[in-house]
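Read-outs: derived from the displayed coordinates by stated rules, not from any lab. Please read all numbers here as calculations on a predicted model, not as lab measurements. Don't worry about glycine lacking a Cβ; one is built from the backbone with ideal geometry, like all the others, and counts go over all protein chains shown.
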Amino acid sequence: MKNQLLKSVILSFFAIILFACQSPSVKKNENTQTQNLSTDVRNEFVRSWEAYKKYAWGHDVLLPLSKGYQDWYEQSLHISPIDAYSTMKVMKLDDYAKEVEHYVVDSISWEKDLFVKTFEVNIRILGGLLAMYEYTGDEKILDKTEDFGKRMLKAFDSPTGIPYYWFNLKTGKTKGAKVNVAEAASYMFEMGILSYYTKNPVFYQAAKKANLAVWERVSEIHLVGENIDVETGKWLNTSSHICAGIDSYYEYLLKSYLLFGDPDLKPIWEKSLTAINTYLVEESDTSFWYKRVDMHTGLKRTNPIYADNSSVIEGGIVTLYDAFFPAVLALAGDLERAEKNQATWNWLWNRYGLEPMIYDFDAGEPTYPVYDLNPEIIESAYYLYHYTGKDDYLKMVVQYWADIKKYCKTEVAFSSVEDVRTMQKKDYMPTFFFAETLKYFYLTFTFNTGEFILDDYVFNTEAHPFKRSSFSKEKAKIYLGF
């Protein structure tokens, strides 16, 4: 027995020595791999940005197959440069960033007779400009940002305070009384930051009024519907979910509270999260989804609900945008559900090699098989890597990067994919590929360098980062007016 014990001790001793000798080498190899991957992502950003400059400069988006461009409206809103800017700063591409700063100050005017989508320009243009001011402190950029914010305020001039779908940048006219909840109430974050920078509470108060208008109409079980009329406040659709159409409404309840500390937001977020986890979870031994239910009963939708007069939406339908939710859960401290949900999304990605835009988990098939270079699953893996330290999440992101390079890389940049079952390419590269997708890849692969610490920042839904230390909660009470 003594000999066996001595043998066991000796073996354990040598195992410890062996591990001590190997682990630095293993760690070094891991660091070398991630360093190489971060360099690769940075190089691909540069390559794609150079393609944008060559083929699409002055326009909203690059068409990566035809080497052309496309604008969202009759005139360009310069969305790609504004969206890409914060990623340039994160990647320390300061020469490119300086070029965009000069372009915004010298070449952009918002005096355009254009009807623009309130939600989309808020997260991309207002959010991007605010991040630019955060990085530079340039008052000329803040003036340009405030000008845009004042024009956007016109959209909130409705009987309920919920913004119209469209507003005209020049005339202030509005149209589009039917909006989804994300379009109705995803403004407190950006408009709160604008209020803080300008010390003018009018922006945050308009955004908060829209949020409270939605919350006043919540069901008895604290669920929101999907679509609402901004003039009457009536629900047009009682489908409740976390999917595209509602997603950022929930995201901004939490993030606005974290950044500003408005005490009115905390109970709304907590009651909403409790309702989500009570009624929307559909869990099995192999999956963890958030389904669609009726806002009043909490029961899964079995009857079709028609969205935009074309799409049939049922209880088992999810969108790849929903993959943002593990990140929000992790930020809220619910790692158990976050990890289960992320594992399910990772399974779906690996089933096809990319995610389909819309997937019916009841039928087990995609109903809209497009992949638009979306970042959400990468974002959630990055958050979980940060909060858990598990290498599983790093491995996920390594796989996602390999697959995107395999299926989406083009001669000059990257393209969306028309069908994840065939990997046929689509001639479009969304601006959020610059703003979000490449940023989350880079942040994951540089995680161990400590050059960017997630706990120091809160991101808007377009991945524009804002330092928590830039916002005093005491000053926020005054500047935001709560």
Heads up, the range 178-236 by the C-alpha gyration tensor (a ≥ b ≥ c square roots of eigenvalues; a/c under 1.5 rounded, else a/b over b/c prolate, else oblate) looks prolate
What's the longest piece of the chain with no exposed GluC sites (Glu not before Pro), counting a site as exposed if DSSP puts it in a loop and it has at most 16 other beta carbons within 10 Å? 232-410
What are the trypsin sites (Lys or Arg not before Pro) within the range 398-447 that DSSP puts in a loop, where the Cβ has at most 16 other Cβ atoms within 10 Å? ARG421
I'd like to know which of ILE404, ASN211, GLY68 lies farthest towards the positive end of the charge dipole of the chain, counting +1 on Cβ of Lys and Arg and -1 on Cβ of Asp and Glu. ILE404
222 nm mean residue ellipticity, helices alone, for the chain (DSSP H n ≥ 4; -39,500 (n - 2.57); rounded to 500): -16000 deg cm²/dmol
Ordered by residue, what ³J(HN,Hα) values in Hz, to whole numbers, does the range 412-418 give under the Karplus form 6.51 cos²θ - 1.76 cosθ + 1.60, where θ = phi - 60° and Gly and Pro are x? 10, 7, 9, 10, 5, 10, 5
What are the residues whose amide H is under 5 Å from the amide H of GLN424, where those residues sit 5 or more places off or on another chain and H is modelled from the backbone? GLU418, ASP419
Using alpha carbon centroids, what distance separates the range 34-77 and the range 227-271, in Å? 33 Å
Rank the residues HIS464, HIS102, HIS241, HIS78 as a footprinting-exposure proxy: fewest other Cβ atoms within 10 Å of their Cβ go first. HIS102, HIS78, HIS241, HIS464
So what is the orientation-averaged projected area of the chain, using the convex hull of its C-alpha atoms, in nm²? 25.9 nm²
Axial C-alpha extent at least 30 Å, average Kyte-Doolittle at least -1.0 - helices from the chain (DSSP): 2-56
Using alpha-carbon pairs under 8 Å, 6+ residues apart, how would you state the relative contact order of the range 363-475 in percent? 27 percent
Largest-first ellipsoid semi-axes for the range 117-184, taking √(5λ) over the Cα gyration tensor eigenvalues, angstrom: 24, 13, 8
Prolate/oblate/rounded label for the range 51-144 (Cα gyration tensor, a/c 1.5): oblate
Neighbour-count ranking for MET357, MET188 (other C-beta within 10 angstrom, fewest to most) reads MET357, MET188
Let me make sure I get this right: for the range 423-482, a, b and c are the square roots of the gyration tensor eigenvalues over alpha carbons, sorted descending. Under 1.5 in a/c it's rounded, otherwise prolate if a/b > b/c, else oblate. Which is it? oblate
